[in-house]
Structures are given as structure tokens and as C-alpha cells.
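Worksheet for the structure shown next.
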Amino acid sequence: MIAVGIDLGSVAAKGVLLNGKSIHKIVIPTGWSPRDAGEQLLHNLLDQAGLSRSQVDGIVATGYGRVAFEQADRKVTEISCHARGVAHLLPAAGTIVDIGGQDSKAIRINEQGKVLNFAMNDKCAAGTGRFLEVMANTLGMDVSQLGELEAPQETVAVNSMCTVFAESEIIGLLARGLPKGGIVAGLHQSVGKRVAAMARRLGVQEQVAFTGGVALNKGVGRALVEELGCPVVVLEDCQFTGALGAALLAIQ
Ligand code: ADP
């Protein structure tokens, strides 16, 4: 059985192709057209796997751009796809924290990967990857550098919740000569606090799996552990969990 999962996110488009025991994964920027990004991804995945479209048995699309991707046989919410992906990778997981470019989610699942409950912040950039991207830009660095650069022992609290005000606050903190590493740790703490509060409202059931592109930032993982007061498992290929779940659902 050959199955493809396409996760068209707000920032990144992720694709997974499952062919028996082999797995192919590709991430590209979503850009302005999720439809084009989906087609490009499918093309690249087939190319990498040496297959043609007619050999694929099923395609499931997920992510905010899924409606635009006409080649999908089925469209499934990110919540269900993340749950399916996590249940496969970490069967003992009871809670998923997913932080993407434009939203953050907490999802409670059972052992079969069935969604029991979820909470989502998609109204405000605070507590999302976008918040960290804007802040990294203000600090003159790339978002991928934040995790390495943080200095938790000298954390500088960032109090503004709103991204626009937080940007001004960072400029003020830099002008006062406060250390960048401490400010970065404060930003991670701010994201961790916000997302942990959302997860606690659902009731946190261990093990906690951390997914989404922001899970690539080990500083946010550290802050989540502090704020939740329990271990957090960062899944390998955390950014592909939704696409993997979609591919697994395509097999079903
Ligand atoms: P979406 O599905 O909404 O497109 P993703 O789950 O792909 O979002 O996550 C995108 C976010 O992940 C970006 O906004 C960025 O903050 C973060 N990110 C992406 N790559 C990295 C990286 N190498 N290191 C740290 N953070 C990253």
C-alpha cells in the first residue's frame, strides 16, 4: 500500500509518503498558494520515491490549506491527524501539545489515538511560531537559532502578551543592555506559560508529546517542562507528525 499525507500549514507544507517500510518526508514553505505548495510537495515526494501518481493508493490532506488541495482523496482536520501520528510514534501519549506557525493546540487522546478533547488558540499570535519569528527578527537572528541562544539562568521576563507590544518591549530591553540570551529565555517562558495554561484547562495526562515546527526549538520544550511540571517528549520529526498521521489515515 502506498499512501501520502499532505499537511498544508500556514508557514510550512509538509509531506510524507509511506511505501511499505520506507518513508519519504519533505518540507517546503507554503508561500501564498497552499494549492501550489501541495502539488509541488506531491510531485517532489513521488520524484524522491521513484513513483507515479497512479501508483498511490490514497492521499489525505490536512492543515489550514487542505481545502485548496484538490488531489486529495480525503481531507481531515489537523487535530485528528496529529492524534493519529502521535498514537503511532508514542502509544503511551495522553496529551499532545502542538505549536505551529499560526496556532497552538492541546489535545487529549486515548491509547487508540482517539481524540477525547482539545483546546486551540488561533485568535492571537502569542504562543505561536509566528510570535517567535517576529521576536527573532527583532533580535536580529533566525528563529532556528533561538533554542541554542537562550540563557535560562539569566531569564528576562517578557510581560507583553500582544506580539506588537512584545516587540516594543524587546527593543526597550535591548536598549537597557539586558542580555539577548536572557531575553530569548523569557520569550520561551512566555510561550510555555501560555500553552501550558491551555493544556492545564483540559487536564494534562502523561505522557505529553510535543509536536509542530516550534518543537524544533529546544528552549520552548524546556519552558514547557517547567510550566507543566512534568516531562515532555519531543517527537522525532516533530514537524511531520500531522503529515504522518494523514498518511496513516490514508492507509486506513
Ligand atoms: P504550520 O503547520 O502552521 O505551517 P509548523 O508546525 O510547520 O506550522 O511550524 C512552523 C513554525 O515552526 C515556525 O513559525 C517557526 O516558529 C518554527 N520553526 C520552523 N523551523 C524551525 C527550526 N529549525 N527551529 C526552531 N523553530 C522552527
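No value in this document is a laboratory result; all are computed from the given coordinates. Small disclaimer: the values here were computed from a predicted structure and weren't measured. Ideal geometry is used to build each Cβ from the backbone, glycine not excepted, and the neighbour counts take in all protein chains shown.
Structure notes:
- The longest part of the chain holding none of the exposed loop trypsin sites (Lys or Arg not before Pro), meaning those outside H, G, I, E and B in DSSP with at most 14 other Cβ atoms within 10 Å, is 22-113.
- Furthest towards positive pole of dipole, Leu174, Asn159, Gln205, structure part region 94-234, Cβ charges: Gln205
- Whole-Hz ³J(HN,Hα) from phi, Karplus 6.51 cos²θ - 1.76 cosθ + 1.60, for region 196-210, glycine and proline x: 5, 4, 5, 5, 5, 5, 7, x, 8, 10, 6, 7, 9, 9, 10
- Annotation: amide H of Ser10 within the under-5 Å range of Tyr64, Gly101, Gln102, sequence separation 5 or more or interchain, hydrogens built in the peptide plane.
- Pair Leu178, Arg200: separation of 7 Å Cα→Cβ label points (nm): 2.2
- Among beta bridges that DSSP assigns inside region 94-234, antiparallel share in %, nearest 5: 60
- Ordering Thr77, Ser33, Ala87 by the projection of their Cα atoms onto the charge dipole of region 1-94, which places +1 on the Cβ of Lys and Arg and -1 on the Cβ of Asp and Glu, puts Ala87 at the extreme positive end.
- Value of [θ]222 nm, deg cm²/dmol, for the chain, DSSP H segments ≥ 4, -39500 (n - 2.57) each, nearest 500: -12500 deg cm²/dmol
- Ser54 paired with Ile28, simple spin-label distance in nm, labels 7 Å along Cα-to-beta-carbon: 2.3
- Between region 180-233 and region 141-169, the alpha-carbon center distance in angstrom: 14
- Computed from point charges on the beta carbon alone (+1 for Lys and Arg, -1 for Asp and Glu), the dipole magnitude for the chain about its Cα centre is near 460 Debye.
- Whole-Hz Karplus values for region 90-98 come out as 9, x, 7, 5, x, 9, 10, 10, 10 Hz, taken residue by residue from phi with 6.51 cos²θ - 1.76 cosθ + 1.60 and θ = phi - 60°; glycine and proline positions read x.
- For region 94-234, a crude dipole built from +1 on the beta carbon of Lys and Arg and -1 on the beta carbon of Asp and Glu, taken about the Cα centre, is about 340 debye to the nearest 20.
- Per-residue 3J(HN,Hα) values for region 29-38, derived from phi via the Karplus relation 6.51 cos²θ - 1.76 cosθ + 1.60 with θ = phi - 60°, read x, 5, x, 7, 10, x, 5, 5, 4, x Hz in sequence order (x marks Gly and Pro).
- Given 16 as the ceiling on other Cβ atoms within 10 Å, longest exposed-site-free region of the chain for GluC sites (Glu not before Pro) in DSSP loops: 112-205
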